[in-house]
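The values are calculated or read from the model by the stated rules, or taken from the named source; none is laboratory data. These numbers come from a predicted model, not from an experiment. Note that we place each Cβ from the backbone using ideal geometry, even for glycine, and neighbour counts take in every protein chain shown. These area figures cover heavy atoms from the full protein model, side chains too; ligands, DNA and RNA do not enter into them. Shrake-Rupley method; radii C 1.70, N 1.55, O 1.52, S 1.80 Å.
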Amino acid sequence: MTAQGHQHLGIIGGGIVGVALARSLARRGAEVTVLEKEARLSQHQTGHNSGVVHAGLYYKPGSLKATLCAAGRVSIREFCEEKGLPYREVGKLVVAVDETELDALAEIERRSLENGVPDLTRIDDVSHLREIEPHVAGVAAVHSPHTAIVDYAAITDTMAQDVRAAGGRILLHSEVTGIRLENGRVRVITPLGEHVFDRVIACAGLQSDVVARLVGADPSPKILPFRGEYWELAPERTDLVKGMIYPVPDPRFPFLGVHFTRGVYDNVHVGPNAVPALSREGYTWLQISLKDTWESLRWPGAWPLAKQHWRMGVDEISGSLIKPLYFQKARRFVPELTMSDLEYKSTAGVRAQAWGRAGDLLDDFAVDQVGPVTILRNAPSPAATSSIAIAEYVIEHYLAATPA
Ligand SMILES: Cc1cc2nc3c(=O)[nH]c(=O)nc-3n(C[C@H](O)[C@H](O)[C@H](O)COP(=O)(O)OP(=O)(O)OC[C@H]3O[C@@H](n4cnc5c(N)ncnc54)[C@H](O)[C@@H]3O)c2cc1C
């Protein structure tokens, strides 16, 4: 039996990372309880994302993002195969639309090769580009044939079945509002009652800094919520895109830029953009939390960040409010796209992006430890891809070595 085998472990958060962790621990014989504040699992980032299983093209070689994405991609594929869940390798093109983007494309190619992205190829002639995506425009690209699409909410539900089958509990409507350390154990308070655990692991996404503060951890990094909005392609126009078409991202910014993704149910969505959300769980401009907005504005990092990125901010917000501007971004790669092809604004997701006091946006996954409480502080994309590998990493580095 492992160090976790005889322990009662509490996990805060019923997104894919919390549930993957619960599953890994339950399979090792631990008694696990997942506490989720919503009425269902996957109500935040996990249920509102692009559904892409990333192959690891962009991440700094050697970083946690790079290593856990590579391992996580394989684990998610095996999980979907084992459970009969959809897993479609539709492939991805990252396209340089003109010569000014070639250096940045070369850097992505270099990182991809260093990260061991399987079967990646560089494409320099347009006819080859068009064999892969017949409607794309650009001067060069890299192609990752094993980048895949899945349904992360379905994966999380299936992992939750494994947790229950192994004797674990998943408690909904259970928002953690207090955490107290008592004689080496952890008392967790929810509106439905209190629980005492040997160890607690928080995977609270958009609320990870709020939960960290409950246990007296450093308020930094704070979570800056960035909404990503999608438009849906009209069904009769989805043949414009066979797999995924991405721009060359701006290396100064942690988001990938508006892209085309064929979803697992054959819809094609365009997005996401990246606009500041006016509430941690603000899925539209009308969902405003004065508290969240005020807390972001008075954070020491607010002005350095605004000074550095205000142009991009204005550009993204304009694209959110004015459809023709969003359309122009998308049409750069697919010139046959017309404005009416963007049929309606579909779902949006809010990214939990950790943000330091100096205005720096944290690039890598980050974990903190306060006594018997482990807190996942930054788990943005590709954390859904990496979820099973993140679970194994947390167990190995934070739980296995320090039994209660
Ligand atoms: C627009 C968008 C597109 C993305 N695209 C991709 C992609 O294509 N591929 C990819 O790999 N990743 C993608 N990501 C990132 C990915 O979705 C997240 O990294 C991943 O879902 C994080 O999982 P999580 O479990 O940490 O967080 P979440 O899914 O946000 O789960 C956290 C859970 O904690 C709960 N919670 C919070 N506070 C409390 C509390 N006090 N008590 C109890 N419960 C609490 C919340 O209700 C929530 O259910 C995308 C994200 C967004 C927003």
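Mind listing which trypsin sites (Lys or Arg not before Pro) in region 293-400 are in a DSSP loop and have 10 or fewer other Cβ atoms within 10 Å? Taking region 293-400 and a limit of 10 other Cβ atoms within 10 Å, the loop trypsin sites (Lys or Arg not before Pro) found are ARG298. The string of couplings for region 61-66 from the Karplus curve (6.51, -1.76, 1.60, θ = phi - 60°) is x, x, 6, 4, 4, 5 Hz, one whole number per residue in order, with x for Gly and Pro.
The length gained by stretching the chain between HIS146 and GLN369 to full extension, at 0.36 nm per residue less their Cα-Cα distance, is 76.8 nm. The loop-placed GluC sites (Glu not before Pro) in region 65-169, going by DSSP, that have at most 15 neighbouring Cβ atoms within 10 Å of their Cβ come out as GLU89. Three principal axis extents of region 152-217 based on alpha-carbon atoms, in descending order, are 34, 26, 20 Å.
Within the chain, the percentage of alpha carbon pairs spaced more than 32 angstrom apart rounds to 34%. Calculate the length of the line joining the C-alpha centroid of region 91-147 to that of region 330-404, in whole Å. Between the Cα centre of region 91-147 and that of region 330-404, the gap is 24 Å. Backbone phi angles across region 50-60, fed through the Karplus curve with coefficients 6.51, -1.76 and 1.60 (θ = phi - 60°), yield HN-Hα couplings of 7, x, 8, 9, 6, 9, x, 5, 9, 6, 4 Hz in residue order; Gly and Pro are listed as x.
Paramagnetic label reach from TYR265 (point 7 Å along Cα→Cβ; backbone nitrogen cut-off under 16 Å): within region 328-345, residues 344-345. Just grab the label-to-label distance for GLN287 and LEU172, each label 7 Å out from Cα along the Cβ direction, in nm (one decimal). In this crude spin-label approximation the distance works out to 1.7 nm. Solvent-accessible area of region 291-336 (1.4 angstrom probe, protein heavy atoms only): carbon and sulfur portion equals 64 percent.
With 0.36 nm allotted per residue and the present C-alpha distance subtracted, the ARG27-SER346 stretch has 111.1 nm of extension available. Against the main long axis of the alpha-carbon atoms of the chain, helix 102-114 sits at an angle near 40°.
Computed from the alpha carbon positions, the gyration tensor of region 1-55 leads to an equivalent ellipsoid with semi-axes of 25, 15, 6 Å, biggest first. Of the GluC sites (Glu not before Pro) found in region 324-403, those in coil by DSSP whose Cβ has at most 15 other Cβ atoms within 10 Å are GLU336.
Each Cα pair under 8 Å and six or more residues apart adds its sequence gap; the mean of these over the residue count of the chain is a relative contact order of 24 percent. Helix-only arithmetic for the chain: the sum of -39500 (n - 2.57) across DSSP H runs with n ≥ 4, divided by the residue total, places the mean residue ellipticity at 222 nm at -9500 deg cm²/dmol. Spatial offset of region 1-63 relative to region 226-300 amounts to 23 Å, using the alpha carbon center of each. Ellipsoid fit via the Cα gyration tensor, region 141-300: semi-axes of 36, 23, 15 Å, each the root of five times an eigenvalue, largest first. If you take the alpha carbon atoms of region 288-389 and fit the smallest convex hull around them, that volume is 174 Å³ per residue.
Figure legend: label point modelled 7 angstrom from the Cα of ALA165 along Cα→Cβ; residues of region 8-33 with amide N under 12 Å from it are 27.
If you sort the three axes of the alpha carbon gyration tensor as a ≥ b ≥ c, you get a/c of 1.5 or more for region 118-233 and a/b above b/c, which makes it prolate. Using the Cα gyration tensor of region 61-146, with a ≥ b ≥ c the square roots of its eigenvalues, what is the shape: rounded (a/c below 1.5), prolate (a/b larger than b/c) or oblate (neither)? Oblate.
For the chain, the longest principal axis of the C-alpha atoms and the axis of helix 383-394 are separated by about 30°.
If R0 equals 45 Å, the separation of the Cβ atoms of ASP360 and ALA400 corresponds to a calculated FRET efficiency of about 0.90.
I'd like the per residue volume of the convex hull spanned by the Cα atoms of region 1-100, given in cubic angstrom.
153 Å³
Using the Cα centre of the chain as the reference point, and only Cβ charges (+1 on K/R, -1 on D/E), how large is the resulting charge dipole? Debye, rounded to the nearest 20.
It works out to roughly 1060 debye.
By the Cα gyration tensor, region 186-273 has an equivalent ellipsoid whose semi-axes, rounded to whole angstrom, run 39, 18, 10 from largest to smallest. Take region 1-68 with all the other protein chains still there, run a 1.4 Å probe, and you get 31 Å² of accessible area per residue.
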